[in-house]
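The values are calculated or read from the model by the stated rules, or taken from the named source; none is laboratory data. Computed from a prediction, not measured in an experiment: that's the story for all the values here. Don't worry about glycine lacking a Cβ; one is built from the backbone with ideal geometry, like all the others, and counts go over all protein chains shown. Just so you know, the surface numbers come from the protein's heavy atoms only, side chains and all, with ligands and any DNA or RNA stripped out. Shrake-Rupley method; radii C 1.70, N 1.55, O 1.52, S 1.80 Å.
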Amino acid sequence: MLAVSAAVLLPLLSAGSAFADDKDEGKEKQPKQPAQMSSVGGERLGRAGTQVQLGPGAPPLPKKLTGRSWIVADAENGDVLATHNSHWKLPPASTIKMLFADTLLPKFDKNTEHKVLPSDLEGMGAGSSLVGIKEGQTYSVHDLWLGVFLRSGNDAVHVLSAMNDGKEKTVREMQARAEELNAHDTHVVSPDGYDAKGQVSSAYDLSLFARSGLQNADFREYSSTATADFPGEVKKPKKGDKAGAAGKKKRETFAIQNTNRLLTGAYGLDPYKGIAGVKNGYTSKAGWTFTGVAQRGDRVLLVTVLNPSSEKANAVYEETAKLFDWGFAAADKVEPVGTLVPPKSAEAGGDAGGSGKNVRESAPPVAADSRNTGGSGGMWEALSLTAGLLVALAATGLLVHRRWPLPELVKRRPKD
């Protein structure tokens, strides 16, 4: 059963796992941003530097933003409110797991169980972030996705990739999905985000992945889950206990906590008001990376920040929070400088996500149960991509709502 209140978050109880996303190692020197980048989403998005068009009464952008690339966008209508080098191709670290999830989540029923083979865990990079999966143990797909989203577990990614007939096939499908989403800055080499030669994405593309993934009820559930119990090893009962007398083995569990510090309030941060996902990452080459979604009133924003040069341990989260604050204050007082484009199939008048993917996943939502972080009142509705997409979906008899009700996880937090 998932625990979802920030007030009762538990520390990770498992030992011996390496969590690359929480390391504070030095970063490699990054190249200078290109003078001209992709113009997908608008001509201004292809320019180097900060792009914003302030209107009367609009607050200025926050000071001391050190992210090499960042973007603030309206998650519902796609308006890009401000950006800095949004199409700069940079290593994404574990934020690429959003694309992994958007690609593979529809392929496996969450109740499917898989016994882990030694070959499933082969090929993980040294220092990979791990949730603690063990060979010979059986896990449900639901368990594995909790490992991916909460602990950024490369071991969970590798097991799911093995279930998908291997890493190479998974990488090909992720690349095809990126192309379908018009995420042309992205080149996938490793499905888990581990540093690999040639693996890049951009703040713009990562925002597209988050926006697409959030159409999926399971994606929303996992990315907004703060803590959960994860299956441990099956152990033989000790002599003298009741289980031992019955000859039954017992499966232990251990607590896992989401590495998204704006969600949990860990490492000296307060939980960000209205935060509901999405994914963070870290490698020595990529630095800190983060994409978040938050809501205030009727406004839902996406913010992505890549590789702040600040030496502060929480820089990527603090700068994300500043950009959220600015975006909520400025949303009606700025002219958009670009847009998050819809998928190719939507442009062609098809469904929202290619091969019926997002249409199938957005309706109807799953019934509320112990797996849903929103509880009885926490169901989210699907977001709209563009007005044109609304028309396309209405023509097929499907309704896409503009508003996302806040999950109970957020509603229970103290108001500012």
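Skip the ligands, DNA and RNA, and give the accessible area per residue of the range 98-144 with a 1.4 Å probe, whole Å².
Ligands and nucleic acids excluded, the result is 40 Å² per residue.
Might you report the magnitude of the Cβ-based charge dipole of the range 100-170 about its Cα centre, with Lys and Arg at +1 and Asp and Glu at -1, to the nearest 20 debye?
Magnitude of the dipole: close to 100 debye.
Of Lys97/Lys238; Lys273/Lys333; Lys167/Lys279; Lys32/Lys312, which ones are farther than 29 Å apart at the Cα?
Checking Cα-Cα distances, Lys97/Lys238 exceed 29 Å.
Considering only DSSP states other than H, G, I, E and B, which trypsin sites (Lys or Arg not before Pro) in the range 57-135 qualify as loop sites with at most 15 other Cβ atoms within 10 Å?
Sites meeting the loop and neighbour criteria: Lys63, Lys64, Lys134.
Looking at Gly281, Gly338, Thr291, which one has the Cα that reaches farthest to the positive end of the dipole of the range 233-343 (charges on Cβ: Lys, Arg +1; Asp, Glu -1)?
Value computed over the given set: Gly281.
Quick check: net charge around Lys89, other residues with Cβ under 12 Å of its Cβ, Lys/Arg +1 and Asp/Glu -1?
-1
Rounded, prolate or oblate: pick one for the range 132-228, where a ≥ b ≥ c are the square roots of the eigenvalues of its C-alpha gyration tensor, a/c under 1.5 means rounded, and failing that, prolate if a/b is larger than b/c, else oblate.
oblate
Rounded to the nearest percent, how much of the accessible area of the range 146-288 (1.4 Å probe, protein heavy atoms only) is carbon and sulfur?
50 percent
Suppose all protein chains stay in the model; what accessible area per residue would a 1.4 Å probe give for the range 245-297, in Å²?
Computed with neighbouring chains in place, this is 35 Å² per residue.
Which value, in debye to the nearest 20, gives the size of the charge dipole of the range 249-313 about its Cα centre, when Lys and Arg are +1 and Asp and Glu are -1 at the Cβ?
Magnitude of the dipole: close to 280 debye.
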